[in-house]
1. Where the centre of each part is set by its Cα atoms, how far does the stretch 106-169 sit from the stretch 52-88, in angstrom?
2. Longest segment of the chain with no trypsin sites (Lys or Arg not before Pro) in a DSSP loop having at most 12 other Cβ atoms within 10 Å?
3. Evaluate the chain: find the radius of gyration of its Cα atoms, find its Kirkwood radius, and give the ratio Rg to Rh.
4. Give, rounded to the nearest 20 debye, the magnitude of the charge dipole that the chain has about its Cα centre when Lys and Arg contribute +1 at Cβ and Asp and Glu contribute -1 at Cβ.
5. Each residue of the stretch 58-68 in turn: what ³J(HN,Hα) in whole Hz from Karplus with 6.51, -1.76, 1.60 and θ = phi - 60°, glycine and Pro shown as x?
6. Which value in deg cm²/dmol, rounded to the nearest 500, describes the helix-derived mean residue ellipticity at 222 nm for the chain, given -39,500 (n - 2.57) per DSSP H run of n ≥ 4 and division by the residue count?
7. Given the pairs LYS140/LYS166; LYS46/LYS166; LYS90/LYS166; LYS46/LYS90, which are separated by over 18 angstrom at their Cα positions?
Amino acid sequence: MKDIKLTEADKKFLASINAGNANERLSRLMTAWGIAVDGQAAADVKRIKIGTIKEAMKFTLKEFTVQPGQSIEIIFENPDAMQHNMVITKPGMLEKVGRAGDAMMKDTKGADKNYVPALAEVLFSTPLVNPGQNYTLRFKAPANTGDYPFVCTFPGHWSIMNGVMKVRN
Ligand SMILES: [Cu+2]
């Protein structure tokens, strides 16, 4: 792809028409262009790079730590040959969410739903990320400290493809 040069004003304009990442497709495009869309000062945002490990069904990180209420930007890269997602759950809900993901194998619309279970235990999630693609997931860290599992809910992956987001003061 050709290098795209955007001025600060361009970036601000894009962020303003996409407040809160409201437009999924625009967010993806902006992610591909490497533009932060949340309009926040970079210093306020904790960025975490996490990827998939080729042919291992694993994330490159087993854990990472954030502070309560912190603005988080997870750059999720998928160099693997298959699709994966990243779903962050409430504490202790890894298995429940993982099994619900497995059950979506039988749902003819499972892939359309990115294999993300429609459960209250799911706090944040990426769509399915294709091989060679990446996705930036932005959210505010939970207000309560604790261990929040992250997991790929593509059917069959959850039991080995998981880790922990530690929320600590
Ligand atoms: Cu996976």
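1. Distance between centres, Cα-based: 9 Å.
2. Answer from the scan: 110-167.
3. Value, to two decimals: 0.97.
4. My answer is approximately 100 debye.
5. Result, ordered by residue: 9, 8, 6, 10, 8, 7, 8, 10, 9, 9, x Hz.
6. Mean residue ellipticity, 222 nm, calculated: -5000 deg cm²/dmol.
7. LYS46/LYS90
Values quoted throughout were computed directly from the atomic coordinates according to the rules given, and no laboratory measurement underlies them. Note that this is a predicted model, so its numbers are computed, not measured. No Cβ is skipped: glycine too gets one built from the backbone with ideal geometry, and neighbour counts run over all protein chains shown.
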